[in-house]
Amino acid sequence: MSGSQLNKETREAWEDNAEIWDKRMGDEGNDFFNILCWPTLASFLDPNPGDHILDIACGNGLTARRLAELEAQVTAFDFSSKLIEYAKNRTSNLRSLISYHVLDATNESQLLAILQPLAPFDSALSNMALFDMADIEPLFRALPKLLKPRGGFVFSITHPCFNNASGMHVVEEMDDGEIKTVYSVKVSRYMTTYSARGLALRNQPKPQIYFERPLQYYLNLGFQNGFVLDGFEERAFPPNAPQATPLGWGGKFSEIPAVIVARLRLRS
Ligand SMILES: C[S@@+](CC[C@H](N)C(=O)[O-])C[C@H]1O[C@@H](n2cnc3c(N)ncnc32)[C@H](O)[C@@H]1O
């Protein structure tokens, strides 16, 4: 399937899943967001009141609203027009701080046409979305033209090594003088970029497409476009974190990071 067909199918899946995504994430977010992503995103962004932040692939506006609550000015976009409608409906009391746009991050000329007149941004954020994009190179090329000198791009993604579409969650029992239950993740693919259908939410109407890339792909793309890496955390659930399903991500997998959060910063 060509890149543009994959992008079209991806957008259709997000339009079909928009309602259930909005219901599930609501205004509060889920454990992945609240335990793994947001604490590090907030500390890496550390916005001053009035900072202008670009929220890339904002979904139902969860992070845009969190940033506005910190008194940042937010320009947020997503390519799902339904998700942008849900985002607007949830934003009545923060309207003056957030503007929403329907925009495709895989289209560099569209990004520049809409966002350059609003630039420069102090920083940019993408929470758990780069692996949902059919092509991230146009976005990485556009960001240096949208950010202020030394502006930061903070993103979270599922950990490419341990939490990719090939991963299987395994439980085993061993006799170590006492009987121990061991939880692990078995991964059979990592180095090659590939796309695979998967579910972000167990009962979503349509599988979405995940675009798996090794860590070096993300970092090298940043370096090639003028960024350096100046913040990096691997995020695992603490042992006492809730376990929504017996083998889902949660406290049983506390030694295995499900997410990484990184900050790239423009060299000048
Ligand atoms: C897992 S959701 C995360 C949403 C949001 N960042 C959050 O934290 O709740 C991924 C989002 O990426 C969006 N997306 C995927 N490809 C995109 C693209 N090419 N351009 C803009 N948005 C895209 C989807 O519509 C979806 O809202």
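The values are calculated or read from the model by the stated rules, or taken from the named source; none is laboratory data. The structure displayed is predicted, hence computed values, not measured ones. As a convention, Cβ positions derive from the backbone with ideal geometry for all residues, glycine included, and neighbour counts pool all protein chains shown. Side chains included, ligands, DNA and RNA excluded: accessible areas come from the protein's heavy atoms. Shrake-Rupley method; radii C 1.70, N 1.55, O 1.52, S 1.80 Å.
Numbers below:
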item: DSSP beta bridge pairing in the chain, given as percent antiparallel to the nearest 5; result: 60 percent
item: Per residue accessible area in Å² of the stretch 151-260, where ligands, DNA and RNA are left out and the probe is 1.4 Å; result: 52 Å²
item: Solvent exposure ordering (accessible area, 1.4 Å, most first) of R263, R150, R141; result: R150, R141, R263
item: Percent RCO, i.e. relative contact order, over the stretch 1-93, from Cα pairs under 8 Å lying at least 6 residues apart; result: 31 percent
item: FRET efficiency for C161 and N93, using Cβ-Cβ distance with R0 set to 30 Å, rounded to 0.05; result: 0.15
item: For the stretch 30-106, accessible area per residue (1.4 Å probe, heavy atoms of protein chains only), Å²; result: 37 Å²
item: Shape category assigned to the stretch 115-229 from the gyration tensor of Cα positions, a/c cut at 1.5; result: prolate
item: Sum of -39500 (n - 2.57) over DSSP H runs of 4+, divided by residues of the chain (222 nm, nearest 500); result: -8500 deg cm²/dmol
item: Highest-first arrangement of 128-136, 9-17, 187-195, where packing means the average Cβ count within 10 Å; result: 128-136, 9-17, 187-195
item: Sites E71 and R202, calculated FRET efficiency, Cβ-Cβ separation with R0 45 Å, nearest 0.05; result: 0.80
item: Over the chain, relative contact order from alpha-carbon pairs under 8 Å, at least 6 apart, %; result: 19 percent
item: Positive-end residue of G226, F211, V187, charge dipole of the stretch 151-268 with Cβ unit charges; result: G226
item: For the stretch 46-106 versus the stretch 223-245, the gap between their alpha-carbon centres in whole angstrom; result: 22 Å
item: With every protein chain in place, the chain: carbon and sulfur % of accessible area (1.4 Å); result: 50 percent
item: Ratio Rg/Rh, restricted to the chain and using Cα atoms, in which Rh is the Kirkwood radius; result: 0.97
item: The stretch 29-160, relative contact order [Cα under 8 Å, separation at least 6], %; result: 25 percent
item: Mean-position separation - Cα centroids, the stretch 147-179 and the stretch 118-141, in angstrom; result: 21 Å
item: Calculated P(r) of the stretch 163-236 - Cα pairs past 15 Å, %; result: 72 percent
